[in-house]
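Q: There's a structure below that I have some questions on.
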Amino acid sequence: MTKSNNRESQYPINPLFLERWSPRAFTGEVIDESDLLTILDAAHWAPSSANQQPWRFIYALKGSEDWDKFVGLLVESNQEWAKNASALIYLVSRGFSGDFSEGRTSYTHSFDAGTAWGYLALQALLSGFYAHGMGGIKHEEIQKTFSIPEGYRVEAGVAVGRLADKSMLSERYREREVPSQRRPLSEVAFRGKFIAN
Ligand SMILES: Cc1cc2nc3c(=O)[nH]c(=O)nc-3n(C[C@H](O)[C@H](O)[C@H](O)COP(=O)(O)O)c2cc1C
């Protein structure tokens, strides 16, 4: 077992996996573009089916002219806290292989993009930041705003920032500002069978 961050794994995993979590209290400080690109570079080294690398990252840095537009593409409950992040990212995946006109779809594009998000979150931590994934984004508006063509899927948003004190959050988020726990491994890992739960 490994213990870190009020979390305890059942087996001896690297503490990094327990130290990554999704805070909402961010300092709002400016991030160097090279720091963000370091995080995205790690994400880009994720494995993918046939090495198709279907992930695409659209990003804005706090303090840049793009910032308000990016914040406005989050649902309001996420805007409340994510506006204090240092960078916002929209993760898009390419859902076809070869030319779109060839009609060859990729079964795993979202799965592959999810792997990239996982790498992103771990590199953020290694770089001294935290990454918070968001499904609460305005998918269609994002598609329109960035002229994302058919065949690409808007997957999720990500806020990246440095951890701040939770006292800055509204009461409802302050109460939830703690690393979450996990179900027992036996509820999700099955030897030789499947259990629907
Ligand atoms: C794809 C994805 C979508 C998520 N959407 C939101 C969201 O819209 N708003 C939010 O506050 N947290 C969101 N989260 C954060 C999850 O609630 C969080 O990862 C989960 O509770 C586990 O907690 P931990 O990341 O601190 O370990 C999302 C996370 C992921 C991976």
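The values are calculated or read from the model by the stated rules, or taken from the named source; none is laboratory data. For clarity, every value in this text was computed on a predicted model and none was experimentally measured. As a convention, Cβ positions derive from the backbone with ideal geometry for all residues, glycine included, and neighbour counts pool all protein chains shown. In case anyone asks, the SASA skips ligands and DNA or RNA and just uses the protein heavy atoms, side chains included. Shrake-Rupley method; radii C 1.70, N 1.55, O 1.52, S 1.80 Å.
Q: Which net charge results for the neighbourhood of Asp32, defined as the other residues with beta-carbon distances under 14 angstrom from its beta-carbon, given Lys and Arg at +1 and Asp and Glu at -1? Before the final figure, lay out the partial values.
A: Numbers: positive: Lys62, Arg162; negative: Glu29, Glu33, Asp35, Asp41.
Local net charge: -2.
Q: Evaluate the charge dipole of the chain about its Cα centre and quote only its size in Debye, nearest 20, assuming +1 on the Cβ of each Lys and Arg and -1 on the Cβ of each Asp and Glu.
A: Here the chain has a charge dipole of around 820 debye.
Q: A further question follows. Between Glu65 and Arg191, how high is the FRET efficiency from 1/(1 + (r/R0)^6) when r is the Cβ-Cβ distance and R₀ = 45 Å? Nearest 0.05.
A: 0.25
Q: Lysines near Lys138 by alpha-carbon distance under 30 Å, same-chain residues fewer than 8 away left out - which ones?
A: Answer for Lys138, where 30 Å is the Cα cut-off: Lys62, Lys69, Lys83, Lys166, listed by chain and number.
Q: Same structure again: At a 1.4 Å probe radius, carbon and sulfur cover how many percent of the accessible area of the chain?
A: 51 percent
Q: Averaged per residue, what accessible surface does the stretch 38-197 expose to a 1.4 Å probe, in Å²?
A: Per-residue value: 56 Å².
Q: Determine the relative contact order of the stretch 25-163: mean sequence separation of Cα pairs under 8 Å and six or more apart, normalised by residue count, in whole percent.
A: Working: 261 pairs, mean separation 48.2, N = 139.
Relative CO of the stretch 25-163 lands at 35 percent.
Q: Please identify which residues in the stretch 33-53 have an amide N closer than 19 Å to a label point set 7 Å out from the Cα of Phe146, following the Cα→Cβ vector.
A: Hits in the stretch 33-53 for Phe146 at 19 Å: 33-46, 52-53.
Q: Another one. Rolling a 1.4 angstrom probe over the protein chains, ignoring ligands and nucleic acids, what is the accessible area of Arg94 in square angstrom, nearest 10?
A: 50 Å²
Q: How much solvent-accessible surface does Tyr119 expose, in Å² to the nearest 10, with a 1.4 Å probe and all protein chains in place?
A: 90 Å²
Q: So, one more: Does a label point 7 Å from the Cα of Ser49, set along Cα-to-beta-carbon, have any residues of the stretch 139-163 with amide nitrogen under 15 Å, and which are they?
A: Residues 152-153 qualify, since their backbone N sits under 15 Å from the label point.
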